[in-house]
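Chemist: Structure provided below as structure tokens; questions to follow.
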Amino acid sequence: MTEGESSLFERMMSGEIPAEFVHHDERTIAIRDINPQAPVHVLVVPRKRYRNAAELAEDDPELLAELFRVAKNIAEREGVAESGYRLLFNTNEDAGQTVFHVHLHLLGGRQLGALAQQV
């Protein structure tokens, strides 16, 4: 994705690409992941594009906190708040980030296990 090119999420927000929205407001959206890794797998995305979580934290810490508040509310609505859920940012290529418009993964609905393999 080049600087002037719309991100996947921007194209979803404009309606160019279909998505299953579970939340939207003036600053954020949340959509179901098209390749879910858990029974509940929702992506919480700021409408304004930031490359990754570090850039978002530096430029707009309040928006970063808002992503977590939205995720909490979705976890409650999806019925996973009580049993537990995971919130995860992938930041840059080695962490598995493939869409360079920051997004927070909300995963739940089953035992999730370890985050990474031991070295």
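Chemist: Output the residues belonging to the range 46-84 that are hydroxyl-bearing (Ser, Thr, Tyr) and crowded, with 17+ Cβ neighbours inside 10 Å.
Modeler: Scanning the range 46-84 gives a single hit, TYR50.
Chemist: Of the residues in the range 93-119, how many are assigned to a loop (DSSP other than H, G, I, E, B) and on the phi < 0 side of the Ramachandran plot?
Modeler: Result for the range 93-119: 16.
Chemist: Please enumerate the residues belonging to the range 85-94 that are surrounded by 13 or more Cβ atoms within 10 Å (Cβ to Cβ) and out of contact with any helix residue (DSSP H, G or I) (no Cβ under 7 Å at 6 or more places or on another chain).
Modeler: The answer is ARG86, LEU88, ASN90.
Chemist: Same structure again: Quickly run through the range 102-119 and pick out the residues that are under 19 Å from ASN73 (Cα atoms) and either open to solvent by 80 Å² or more (accessible area, probe 1.4 Å) or modelled with pLDDT under 90 (or both).
Modeler: Hit for the range 102-119 is ARG110, nothing else.
Chemist: For the list (1) under 21 Å from PHE21 (Cβ atoms); (2) without any contact (Cβ under 8 Å) to a residue 60 or more places away in the chain; (3) exposed (fewer than 15 other Cβ atoms within 10 Å of the Cβ), I need the number of the one condition that VAL99 fails.
Modeler: (2)
Chemist: Anything in the range 51-92 that is more than 20 Å from LEU112 (Cβ to Cβ) and not in a helix (DSSP H, G or I)? List them, or say none.
Modeler: ARG51, ASN52, ASP60, ASN92 - these are the residues of the range 51-92 that are more than 20 Å from LEU112 (Cβ to Cβ) and not in a helix (DSSP H, G or I).
Chemist: Testing ASN73 on (1) touching a residue at least 12 places away in the same chain (Cβ under 8 Å); (2) under 30 Å from GLU5 (Cα atoms), one condition comes back false. Which one is that?
Modeler: ASN73 satisfies all of (1) touching a residue at least 12 places away in the same chain (Cβ under 8 Å); (2) under 30 Å from GLU5 (Cα atoms) except (2).
Chemist: Only residues that are in contact with a helix residue (DSSP H, G or I) (Cβ under 6 Å, 6 or more places away or on another chain) and in contact (Cβ under 8 Å) with a residue 40 or more places away in the chain: list them for the range 53-70, please.
Modeler: LEU56
Chemist: Of all residues being in contact with a helix residue (DSSP H, G or I) (Cβ under 9 Å, 6 or more places away or on another chain) and outside any strand (DSSP E or B) in the range 20-37, which is least open to solvent (accessible area, probe 1.4 Å)? Just the residue, please.
Modeler: ASP25
Chemist: Select from the range 39-50 the residues that are assigned to a loop (DSSP other than H, G, I, E, B) and in contact (Cβ under 8 Å) with a residue 24 or more places away in the chain and list them in ascending order.
Modeler: Correct list: PRO39, ARG47, ARG49, TYR50.
The values are calculated or read from the model by the stated rules, or taken from the named source; none is laboratory data. If you're wondering where the values come from, they're calculated on a predicted model, not measured in any experiment. Note: ideal-geometry Cβ built from the backbone for every residue, glycine included; neighbour counts use all protein chains shown. Only protein heavy atoms, including side chains, enter the accessible area calculation; ligands, DNA and RNA are left aside. Shrake-Rupley method; radii C 1.70, N 1.55, O 1.52, S 1.80 Å.
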